[in-house]
Amino acid sequence: MNKKPQKHDWIWVVVENTGTEERFVGLHDETDDLPYIPAFTSKEDAADCLIHMPTQRGNKYEVQAVMFEDLEKDAAEGGFQIVLADGEGKIVSRIHT
């Protein structure tokens, strides 16, 4: 899925649970100086990439499916861009929200 997902498509993201709230894991692209949320077309790719992501000790992380329109709304409200990534965390395509 290299094209922009449709609003009712399910995609996979990594969610951080701090104990008091859950949020999508966001990263920062130093090249473009943009915060982004990596999204994946498969659960396996998301799980593979999770082991390469920076994490906070004591927080729990899990892969969850989310409807694209919900992710798009939350990303826009938080000032994040969405990127489709592969299992190694390599950006496949950028989705401008």
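Annotations
- A straight chain from N17 to M53 at 0.36 nm per residue would run longer than the Cα-Cα distance by 11.5 nm.
- Whole-number accessible area per residue in Å² for the chain, which is evaluated in the context of all protein chains at 1.4 Å: 62 Å²
- Peptides ranked, highest mean first, by Cβ atoms within 10 Å: ranges 70-80, 15-25, 34-44: 34-44, 70-80, 15-25
- Taking 0.36 nm per residue of sequence separation and removing the Cα-Cα distance, the E44/K90 pair yields an extension gain of 15.1 nm.
- Under a model in which nothing but the beta-carbon of Lys, Arg (+1) and Asp, Glu (-1) is charged, the chain shows a dipole of about 120 debye around its Cα centre.
- The sum of -39500 (n - 2.57) across all DSSP H runs of n ≥ 4, divided by the residue count of the chain, sets its helix-only mean residue ellipticity at 222 nm to -5500 deg cm²/dmol.
- 23 Å Cα-Cα reach of K4 towards lysines, excluding residues that sit fewer than 8 places from it in its own chain: K43, K73, K90
- Within the set (1) 51; (2) 66; (3) 62, the number that percent of Cα pairs over 16 Å apart takes when calculated for this structure is listed as (1).
- Applied to segment 61-71, the Karplus parametrisation 6.51 cos²θ - 1.76 cosθ + 1.60 on θ = phi - 60° returns per-residue 3J(HN,Hα) values of 10, 8, 8, 9, 8, 9, 6, 4, 5, 5, 5 Hz, with x for Gly and Pro.
- Simple spin-label estimate for Q6 and E30 in nanometres, 7 Å along Cα-Cβ: 4.0 nm
The values are calculated or read from the model by the stated rules, or taken from the named source; none is laboratory data. If you're wondering where the values come from, they're calculated on a predicted model, not measured in any experiment. Counting neighbours? That spans all protein chains shown, and the Cβs are built from the backbone with ideal geometry, glycine included. Surface areas here come from the heavy atoms of the whole protein model, side chains and all, with no ligands, DNA or RNA. Shrake-Rupley method; radii C 1.70, N 1.55, O 1.52, S 1.80 Å.
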